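In what follows, a structure is listed as structure tokens, so that the remarks can point back to it.
Each reported figure results from applying straightforward, stated rules to the coordinates on display, with no laboratory input. Since this is a predicted model, take the numbers as computed values, not measurements. Neighbour counts run over all protein chains shown; Cβ positions are idealised from the backbone, glycine included.
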Amino acid sequence: MTMPFTMTSLRGAATEAIATADLDRKTGLAQDAATRWFERRISLRSPLDPKLPDRPGRPEKPELVPPTAVKRRSLHSVKGRIALLHAIAHIELNAVDLALDIVARYASEPVPHSFFDGWMQVAFEEAKHFRLVRDRLRAMGADYGDLPAHDGLWQAAHQTRNDLTARLAVVPLILEARGLDVTPSLQAKMRETGDLESAAVLDVIYNDEKGHVAIGAKWFRFLCAREKKDPAETFKQLVRINFRGPLKPPFNDLARAEAGLTPSFYRSLTAVSQS
Ligand SMILES: [Fe+2]
Ligand SMILES: [Fe+2]
């Protein structure tokens, strides 16, 4: 079998997946790259690797709008549950590109190979999440692309493109940790409405996301130790510079702590306590 040259290295494969607009192909490439990397069938880098694009490849739909233009609806209607699942599908899709972006962008960083194992596991699972949510949307008579979505997630991450420690502070430790805070109540509401299939999809996501925050916290602490910096203090500084607005309680302290994200990281960054 002949492979396209970009697939001979992890960085090349990740870049190709990011650039791909077809979402079946993008998620397939992400999972394929992860599998090849885990089996050590591809190198980390190659001189032939293509340049990382500024923006990920995306289909024409959904239309991207400002975050405030995305409507929220009650989960008691099918329309409301579709809107929520659509928003989650969009988050998962961004998460695929963001995990791959960490791998491709920082492939020359002096870190152990297990760093890339961790982020490729994340990329693999985000691709799985996107497909699970998309399948659920289709089963409900909808599809990803039917509703507008916002671009805030990619922008928040793009701002940290020159600093790996800041990227880890924002993506896994703020954005993905936020998922741990909000998902249990969404699961409960889905069950209340009798939509057990959607609740089951959220279950899979929730359990995997604990692992993503843990991978983020592990490597954030690693980078801080290498620079001889205090992780909680460094996190606070990076969040103030790189993230707009306070962090929103309530926090899922238990799930966060299990992932290695203790309250000393985030407590003082909330709106209520600035002390
Ligand atoms: Fe996810
Ligand atoms: Fe994730």
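Note the full-extension length gain between Ser43 and Val204 as 0.36 nm times their separation in residues minus their Cα-Cα distance, in nm to one decimal.
Result: 54.9 nm gained on full extension.
Among Arg58, Arg221, Arg161, what is the fewest-to-most ranking by other Cβ atoms within 10 Å?
Arg161, Arg221, Arg58
Relative to the present Cα-Cα distance, how much length would full extension add between Arg191 and Asn162 at 0.36 nm per residue of separation?
So the chain would gain 6.2 nm between Arg191 and Asn162.
Report the Rg/Rh value for the range 1-155, based on alpha-carbon coordinates and the Kirkwood definition of Rh.
On the way: Rg = 16.5 Å, Rh = 16.2 Å.
Rg divided by Rh gives 1.02.
Hey, what's the per residue convex hull volume over the C-alpha atoms of the chain, in cubic angstrom? Show your work: numbers first, answer last.
On the way: hull volume 36.4 nm³, N = 275.
Convex hull volume per residue, Cα atoms: 132 Å³.
Test of understanding: in a Gaussian network model of the chain with alpha carbons linked when under 10 Å, which of Ala69, Ala17, Ala217 would top the mean-square fluctuation ranking?
Residue with maximal mean-square fluctuation among Ala69, Ala17, Ala217: Ala69.
Going by how many other Cβ atoms sit within 10 Å of their own, how do Trp219, Trp119, Trp154 line up, fewest first?
Ordered from fewest to most neighbouring Cβ atoms within 10 Å, Trp219, Trp119, Trp154 come out as Trp154, Trp219, Trp119.
Enumerate the amide H contacts of Leu247 below 5 Å, restricted to partners 5 or more residues apart or on another chain; note that Pro and chain-start residues carry no placed amide H.
Close amide H contacts, sequence-distant or interchain: Thr270, Ala271.
Quick check: convex hull over the Cα atoms of the range 85-191, volume per residue in Å³, rounded to an integer?
It comes to 103 Å³ per residue, whole-number rounded.
Rounded to the nearest 500 deg cm²/dmol, what is the calculated helix-only ellipticity per residue at 222 nm for the chain, with -39500 (n - 2.57) per DSSP H run of length n ≥ 4?
Working: 11 runs with 164 residues, N = 275.
Dividing the helical sum by the residues of the chain leaves -19500 deg cm²/dmol.
Taking only C-alpha pairs under 8 Å that are 6+ residues apart, what is the relative contact order of the chain in percent?
Rounded, it is 17 percent for the chain.
Which FRET efficiency, nearest 0.05, do Ala69 and Met140 yield, Cβ-Cβ r, R0 25 Å?
It comes out at approximately 0.65.
Of the cross-linked pairs Lys210/Lys248; Lys128/Lys248; Lys61/Lys128; Lys26/Lys236; Lys189/Lys248, which ones have a Cα-Cα span greater than 23 Å in the structure shown?
Lys128/Lys248; Lys26/Lys236
Based on the inverse mean of 1/r over its pairs of different Cα atoms, what is the Kirkwood hydrodynamic radius of the range 152-275, in Å?
Final number for the Kirkwood radius of the range 152-275 is 15.1 Å.
Looking at the range 3-53, I'd like the Rg to Rh ratio, where Rg is from alpha-carbon atoms and Rh is Kirkwood's inverse mean 1/r.
On the way: Rg = 9.9 Å, Rh = 10.6 Å.
Rg divided by Rh gives 0.94.
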